[in-house]
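Some notes on the structure that comes next.
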Amino acid sequence: MRGAALKPSGGKENVYPRPPIRADRESVSRVRRALRVMKEILWGLFMYDLYTETMKMRLRYNDAVNLLVFSEQLGIPLMNSYVSMRLLPYFVGELEGWKRREMRERDFLEEAPDIH
């Protein structure tokens, strides 16, 4: 009686369901990866130019607002010190990069559209 092995009830050899085969997991991950790559390719083809132009326009508008509000830091005298003091906490993180961009020497060809 000691050496006898216990058998599961109901006549089934395995009570628990078998996990999916590893090859199925790999094929699903390959399909997901392929879909992600296709999504990125299509986004790059159709949306990248629009995205970059929108970001450039956003940067220009932010620079214009910063120039109006914080022009005194660049040496342009405007009478808006109260407004700039009220808005300073919202712009502190961007202020140093903005000053570097505004004081940078530029060439007029940078502002021209791309010529190929």
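The values are calculated or read from the model by the stated rules, or taken from the named source; none is laboratory data. These figures come from a predicted structure and were not determined experimentally. Glycine gets a Cβ as well: all are built from the backbone with ideal geometry, and neighbour counts include every protein chain shown.
Within the stretch 75-93, restricting attention to residues that are more than 28 Å from the chain's Cα centre (by Cα) and of a type in the set (A, V, I, L, M, F, W, C), which residue is surrounded by the fewest Cβ atoms within 10 Å (Cβ to Cβ)? Filtering the stretch 75-93 for residues that are more than 28 Å from the chain's Cα centre (by Cα) and of a type in the set (A, V, I, L, M, F, W, C), the one surrounded by the fewest Cβ atoms within 10 Å (Cβ to Cβ) comes out as Met79. Going by what's in this entry, would Asp49 be described as more than 15 Å from the chain's Cα centre (by Cα) and at pLDDT 85 or above? In short, yes.
Put simply, of Glu72, Glu96, Glu13, Glu102 the only residue that is in a helix (DSSP H, G or I), at pLDDT below 85 and surrounded by fewer than 10 Cβ atoms within 10 Å (Cβ to Cβ) is Glu96.
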